[in-house]
């Protein structure tokens with residue numbers, strides 16, 4: 001399916017402020033970016049680089065006053081998720097080197113504290129894909145997805161205690177549970193067609209059966225129509241913006257995802 005993603009963000013800046021933005025999706029195995037636009041008002045010099053996880057990052061200094069960012073992209077992506085029921089567990093000694101970092105505890109995913117719970121959840125479940133599916137279902141049944149949750153930037157331990165959170169927090173818990181079972185797992189941030197309420201979205205991927213598979217415990221069913229913007233160990237690696245200096249919050253942030261009737265011309 002062809003999707004058009006649009007994002008508008010504005011800040012009111014009191015002093016010149018360094019930013020690192022992460023707003024450009026890139027073409028890959030599961031998505032093809034046919035067109036992109038990226039507008040900054042006022043226009044400022046930008047340095048783009050690729051971070052450790054392959055994400056496209058934009059580095060700039062926002063001037064004093066209103067600073068406005070607008071992005072748009074037309075992207076071909078799958079309307080259904082790839083699945084692999086019965087897919088095999090990948091033994092650690094056979095994992096690719098670049099996947100190993102996604103086995104380790106990280107700031108928001110304290111996987112060393114979820115070994116026992118993970119084993120309880122997947123008892124008598126076939127190792128591999130089916131274990132991750134069981135984790136996804138357990139989170140849906142036990143942790144409330146609340147887009148208006150007052151809890152902010154929770155770790156896996158904290159969201160398990162609070163029993164509710166936004167999509168980012170549910171992904172943290174899924175990642176920690178997977179890593180506790182020696183299944184590599186990573187955070188994904190991007191867009192989801194049909195998400196309610198519409199916003200940037202977060203889910204997780206697990207490495208089983210020789211590849212990365214998508215899991216999203218915040219949604220009641222598996223949904224395609226996803227656009228990936230960034231991958232990382234947890235939310236600390238995939239923020240759509242980081243600013244340095246006095247705290248700034250967006251004066252405006254609007255996200256839109258529209259299905260196109262045909263390929264863009």
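The numbers here are math on the coordinates, done by the rules we state, and not lab data. Note that the coordinates shown come from a computational prediction; the quantities given were computed from them, not determined experimentally. Here the Cβ is made from the backbone with ideal geometry for all residues, glycine too, and neighbour counts use every protein chain on show.
Per-residue Cβ neighbour counts within 10 Å put 133, 41, 113 in the sequence 41, 113, 133, beginning with the fewest.
Semi-axes of the equivalent ellipsoid for the chain, please: Cα gyration tensor eigenvalues, times 5, square-rooted, ordered largest first, whole Å.
32, 21, 17
Rounded to the nearest 10 degrees, the angle from helix 167-180 to the longest Cα principal axis of the chain is 40 degrees.
Give me 83, 5 sorted ascending by neighbouring Cβ count inside 10 Å, so fewest comes first. Can you show the working numbers first?
Numbers: 83 13, 5 23.
In order of increasing Cβ crowding within 10 Å: 83, 5.
What share of the DSSP beta bridges in the chain is antiparallel, in percent to the nearest 5?
Details: 61 of 63 bridges.
Counting DSSP beta bridges with both partners in the chain, the antiparallel share is about 95 percent.
The packing ranking, built from the mean of other Cβ atoms within 10 Å per residue, places the peptides 183-192, 115-124 in the order 183-192, 115-124, highest first.
The ranking of 43, 155 from fewest to most other beta carbons within 10 Å of each one's beta carbon is 43, 155. Against the chain, whose longest principal axis is taken from its Cα atoms, helix 129-142 shows a tilt of about 70°. How many percent of DSSP beta bridges within the range 25-170 run antiparallel, rounded to 5? Among the beta bridges of the range 25-170, antiparallel pairing accounts for roughly 90 percent.
Divide the volume of the convex hull around the Cα atoms of the range 92-237 by the residue count and you get 104 Å³ per residue.
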